[in-house]
1. If you roll a 1.4 Å probe over the chain with all protein chains in place, what percent of the accessible area is carbon or sulfur?
2. Is it possible to state the helix-based mean residue ellipticity at 222 nm for the chain, with each DSSP H run of 4+ residues giving -39500 (n - 2.57), the sum divided by total residues, to the nearest 500 deg cm²/dmol? What is it?
3. Run the numbers for residue 75 and residue 145: contour at 0.36 nm per residue of separation, minus the present Cα-Cα distance, in nm.
4. Can you tell me the orientation of helix 105-126 relative to the chain, as the angle in degrees between its alpha-carbon axis and the longest Cα principal axis, to the nearest 10?
5. Order 52, 33, most accessible first, counting only protein heavy atoms with a 1.4 angstrom probe.
6. Helix 11-34 sits at what angle to the longest principal axis of the chain, using alpha carbons and giving 0 to 90 degrees rounded to 10?
7. With every protein chain kept in place and ligands, DNA and RNA left out, what is the accessible area per residue of the chain? Probe 1.4 Å, answer in Å².
8. How much length is gained on full extension from residue 67 to residue 123, taking 0.36 nm per residue of separation minus their Cα-Cα distance?
Amino acid sequence: MTSPALSAPDPDGLLAEQLLRLTRRLHRIQKRHLEPVGITPAQSRLLRVVAHYGDTPPRMADLAARLEVVPRAVTSLVDGLEAAGRVRRVPDPASRRVIRIELTDEGRATLRELRSARRAAAEDILAPLTVEQREVLGGLLTALAGPVPESGC
């Protein structure tokens, strides 16, 4: 005989599972749209974060903190983006020991491509929803995750 607690539906557990499935689907779709740009989702995120800093290029430590990763992970991402000509390491004028990361023209062009790829991925995933449903979903996601920063990072 099964206990009532084990057989009762778990709406919160179901919602959590649906969110996890949606996240995995979103990652797959985003990855598919990023492949033609020749960039990984992690590199894409790093480019967006570097762009967020504007005229003052971030330090590697700033990027690690913002991305919530270990500094070594940032080094690997920067190495790949630098090899592709999308970012460059520049010395900090105030301290010879500090290296900052800035976007190149190629990096800015890649960001424009990424915006298009992200819009296409969003359209793929949101296609089944009406405009009204998208508005409701946006409100619910804001309630759960907070507002999206202006930079979209």
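The values are calculated or read from the model by the stated rules, or taken from the named source; none is laboratory data. For clarity, every value in this text was computed on a predicted model and none was experimentally measured. Remember, those area values only see protein heavy atoms, side chains included, never the ligands or the DNA or RNA. Shrake-Rupley method; radii C 1.70, N 1.55, O 1.52, S 1.80 Å.
1. Taking all protein chains in place, the chain shows 58 percent carbon and sulfur surface.
2. -20500 deg cm²/dmol
3. Roughly 22.4 nm would be gained on extension.
4. It works out to around 10 degrees.
5. Heavy-atom accessible area, descending, gives 52, 33.
6. It is inclined by approximately 40 degrees.
7. Value returned for the chain: 69 Å² of accessible area per residue.
8. Extra length from residue 67 to residue 123 when fully extended: 17.6 nm.
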